[in-house]
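The values are calculated or read from the model by the stated rules, or taken from the named source; none is laboratory data. Since the structure is predicted, the reported quantities are computational estimates derived from the model, not experimental observations. Here the Cβ positions follow ideal geometry from the backbone for every residue, glycine too, while neighbour counts run over all protein chains shown. Each accessible area value is taken on the protein alone, full model and side chains, heavy atoms only, with ligands, DNA and RNA left out. Shrake-Rupley method; radii C 1.70, N 1.55, O 1.52, S 1.80 Å.
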Amino acid sequence: MSNTEFPDDELRHEQEFIDGLYARVDVLTGEAETSVTDALAQGDKPMQARLERDILVAERSGLLAALNAVDGSLCFGRIDLADSATHHIGRIGLREDDAERTPVLIDWRADVARPFYLATGHTPMGLRRRRHLTTEGRTVTSLHDEILDLGDATRTGYEDPSGDAVLLAALNSARTGRMSDIVQTIQAEQDEIIRAPYRGVLVVEGGPGTGKTAVALHRAAYLLYEYRELLARRAVLIVGPNPAFLGYIGEVLPSLGETGVLLATVGELFPGVKATAVDTPQAAAVKGRADMAEVLAAVVRDRQALPDPVIAIEHDREVLMLDDGLVGVARERTRAAKLPHNAAREHFEGHILNTLTELYAERVGTDPYDGSSLLDASDVTQIRDELAENPEVWSAVDQLWPRITPQRLVADFLAEPHDYLPEADADAIRRPVSRVWTVADVPLLDEAAELLGEDDRLARARADRERETQVAYAQGVLDVSYASRTYEFEDKDDDDSEVLSAHDIIDAERFAERQEEADHRSAAERAAGDRTWAFGHIIVDEAQELSPMAWRLLMRRSPTRSMTLVGDPAQTAEAAGVGSWEQILAPYVEDRWEHTRLGVNYRTPAEIMELAAAVVRAEHPDFEPPSSVRATGVRPWVRRADGELPEAVAKAVAELTPDEGRLAVIAPRELHRSLAARLDGVTAGTEPDLTRTVVLLDPRQAKGLEFDSVLVVEPARYGTSDLYVALTRATQRLGVLHTGSLPRGLADAGGAGSS
């Protein structure tokens, strides 16, 4: 029991519950004062047995890992039912010893917890009261009660008439540079999306601050809870727009007890390649076009060459000529198998060997008088086997149908693209062969891998050799064991020598199998290294930014088309971005997808949203932004820089930096070095540390992020979508600093503190 003194029974009751809850957690995580060892020392064997059983169950069920991963309050709410029963709601579920009894703590994803999010005074869903608990560590600091049964006269003194106190407190709290979970404040419209069936494609559209990302992450946690057996095997993939964003959201799922999820950018979805470099907008647009799949297919076909004009192969003092006619027949027969290039090579080899065998047999095995064959089937087989050992044959095969890696194919294509693309497009993407890959290259690599396939004969042969080595080693161990036993018993009675040894009960192959190391990696870890992995569910954030080629990559990883796509077409900024949901999905699921829209802005105050909307309306007069749930009374300001820009930025940063929380300076990338030189503790780089008080970003890096204060620098250098993103990152205060003219939306906006 905590030593904290509480003013009334309500707080004391909840504190006692929290203390008891954590006492149980301490037992399971090995931190309790009364441990298994203590119980044994005290002679309490029943206690020891119960603790050992609980810990074993926790380890096997994954609960122990979840408890260690949860950061923050385990319990955040309580629902009081009309029949006087109560349930406490938490980030994960915990049961008493008897699994049939009501859990001590209800997992927020369980059906019985839904009224905590959906009940209203009009539709109470069987509830009398909903209580929000706020804690610091293990201490209850405040309660907020909502009365749902207005006929119930009981009052606790903690009633919240509006029911918004907890939500507003969360919205106004200082940011930390890491996204927090929203399990305490999930709204009804968000809950419907989170709990939607996992099969099929669900599109979640919403403007800035509508909670799209948080909803998507909580949907991942819900699906892993509801479909645990399936998704634990197949894993969930979450695709984000950049590494900074993945770092920002990286703690949400662990705080909900879920660690079996793979987070990646598109640039990380080709094993062995981590692409962080970016192309020019024109190059990215060319590489991202859907017709690049046909272009790469043409590049592969061109690697399936014909002789120019012939290839001469010397075999046993005879010279065999492979011309384009003979090779052309072999090539067409191989292509007819419709196999990927590398996998089809075995067929091509067979056709070439057969062709050479026929040429040689005709040359040396034909009767000169009547033209009949002097060779039988065994002679022909021997000739073929001998040709298969001729290095010149394999040199010809390598020339005509080479083994190719995806990296080599794409690198060679990018070095010389003019044979396949119009001149302007080829000039945009052409680059010397290098080891640096861009994000837009990764879908090309994946497409190439799909077209090329894998000739796994070498891998199988290598595995067979390794297996033979392991078996030989195991046989040696058994032989040593047998020899030792023979020596030990040679001077003993016959009865003693009948004792069985390992040699008598197991052979070398089974012994080798038992010594093989098991793969203890999680499904997500195994999926990260397997390009062909089929995920149980895929969630894509900022989905409108992905190119058609990136969508081809993702659809290969979701053969069941179980996906949640999150984004806002109004924020499309990438040159290769599709933007339209119909254009993204029509090639894969036609019109078989669901669409829902989040319309409430929880992040951006009304004053800031008004300014951001004016920027978009300057180009799209009918634009309707999401409705802000709050106003702060603080107007954003727009100022012309006084003096040199770096000094003006430094002064504005000093003005806007919050006492608690984070400030983002959003500026064009080309200004970062000069600005960082004037800002203490700020660095210019591709992967900013979002936990610093002040962070320097460009608009693309800021996507999906939020900060207490934001300073937007030189807005005229942004496109409309980028500027809209930059202006909607702040939860409290916004400033805009410029040296030249302003974009029309900002210049025309009244009452924005312009100067």
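Observations, loosely collected:
- Index of the failed condition, Ser558 passing every other in (1) in a loop (DSSP other than H, G, I, E, B); (2) open to solvent by 10 Å² or more (accessible area, probe 1.4 Å): (2)
- Within region 152-175, the residues that satisfy the criterion of being farther than 25 Å from Phe17 by Cα and open to solvent by less than 70 Å² (accessible area, probe 1.4 Å) are Leu168, Leu171, Ser173, Ala174, Arg175.
- Within region 392-415, the residues that satisfy the criterion of being in a helix (DSSP H, G or I) and either modelled with pLDDT under 95 or under 27 Å from Thr276 (Cβ atoms) (or both) are Pro406, Gln407, Arg408, Leu409, Val410, Ala411, Asp412, Phe413, Leu414, Ala415.
- Within region 358-380, the set of residues being in contact with a Ser or Thr (Cβ under 9 Å, 6 or more places away or on another chain) and polar (S, T, N, Q) comprises Thr366, Ser372, Ser373.
- Some residue of region 137-147 being small (Gly, Ala, Ser), within 31 Å of the chain's Cα centre (by Cα) and open to solvent by 50 Å² or more (accessible area, probe 1.4 Å): yes
- The residue of region 666-707 that is farthest from the chain's Cα centre (by Cα), among those that are open to solvent by 30 Å² or more (accessible area, probe 1.4 Å) and closer than 16 Å to Leu723 by Cβ, is Arg669.
- Scanning region 526-555 for residues that are out of contact with any helix residue (DSSP H, G or I) (no Cβ under 7 Å at 6 or more places or on another chain) and more than 17 Å from Thr265 (Cβ to Cβ) yields a count of 3.
- Screening region 360-378 for residues that are open to solvent by 100 Å² or more (accessible area, probe 1.4 Å) and of a type in the set (Asp, Glu) and picking the one that is nearest to the chain's Cα centre (by Cα) gives Glu362.
- Here Ala305, Ala216, Ala220 are screened, and the one residue that is more than 28 Å from Phe76 (Cβ to Cβ) and either of a type in the set (Gly, Ala, Ser) or not in a helix (DSSP H, G or I) (or both) is Ala305.
- Taken over region 323-375, the criterion of being of a type in the set (S, T, N, Q) and under 18 Å from Gly453 (Cβ atoms) is satisfied by Thr334, Asn342.
- Residue under evaluation Asp494, criteria (1) part of a helix (DSSP H, G or I); (2) at pLDDT below 95; (3) over 18 Å from Ile238 (Cβ atoms); (4) open to solvent by 70 Å² or more (accessible area, probe 1.4 Å), criterion not met: (1)
- Criterion: open to solvent by 50 Å² or more (accessible area, probe 1.4 Å), more than 30 Å from the chain's Cα centre (by Cα) and either closer than 25 Å to Arg175 by Cβ or among the aromatic types (Phe, Trp, Tyr) (or both) - qualifying residue of Val629, Val616: Val629
- The number of residues in region 264-308 that are more than 21 Å from Thr532 (Cα to Cα), open to solvent by 40 Å² or more (accessible area, probe 1.4 Å), over 22 Å from the mean Cα position of the chain (by Cα) and among the hydrophobic types (A, V, I, L, M, F, W, C) comes to 1.
- Filter pass, Ala428 being aliphatic (A, V, I, L, M) and either within 19 Å of Val300 (Cβ to Cβ) or assigned to a loop (DSSP other than H, G, I, E, B) (or both): no
- The listed residue being at pLDDT 90 or above, open to solvent by 20 Å² or more (accessible area, probe 1.4 Å) and not polar (S, T, N, Q), out of Leu127, Leu118: Leu118
- Put simply, of Glu574, Glu545, Glu607 the only residue that is open to solvent by 40 Å² or more (accessible area, probe 1.4 Å) and among the acidic types (Asp, Glu) is Glu574.
- Total residues in region 309-347, condition part of a helix (DSSP H, G or I) and exposed (fewer than 13 other Cβ atoms within 10 Å of the Cβ): 4
- In the set His351, His418, only one residue is without any contact (Cβ under 8 Å) to a residue 60 or more places away in the chain, assigned to a helix (DSSP H, G or I) and open to solvent by 20 Å² or more (accessible area, probe 1.4 Å); that residue is His351.
- Where Phe535 falls short, out of the listed (1) at pLDDT 60 or above; (2) among the aromatic types (Phe, Trp, Tyr); (3) surrounded by fewer than 19 Cβ atoms within 10 Å (Cβ to Cβ): (3)
- Test for Arg408: is it of a type in the set (Lys, Arg), more than 42 Å from the chain's Cα centre (by Cα) and open to solvent by 50 Å² or more (accessible area, probe 1.4 Å): no
- Residue pairs whose Cβ atoms lie under 7 Å apart, sitting 6 or more positions apart in sequence or on different chains, and linking a residue in region 433-459 that is more than 15 Å from Pro417 (Cβ to Cβ) to a partner that is among the acidic types (Asp, Glu) and part of a helix (DSSP H, G or I), are Asp455/Glu346; Arg457/Glu346.
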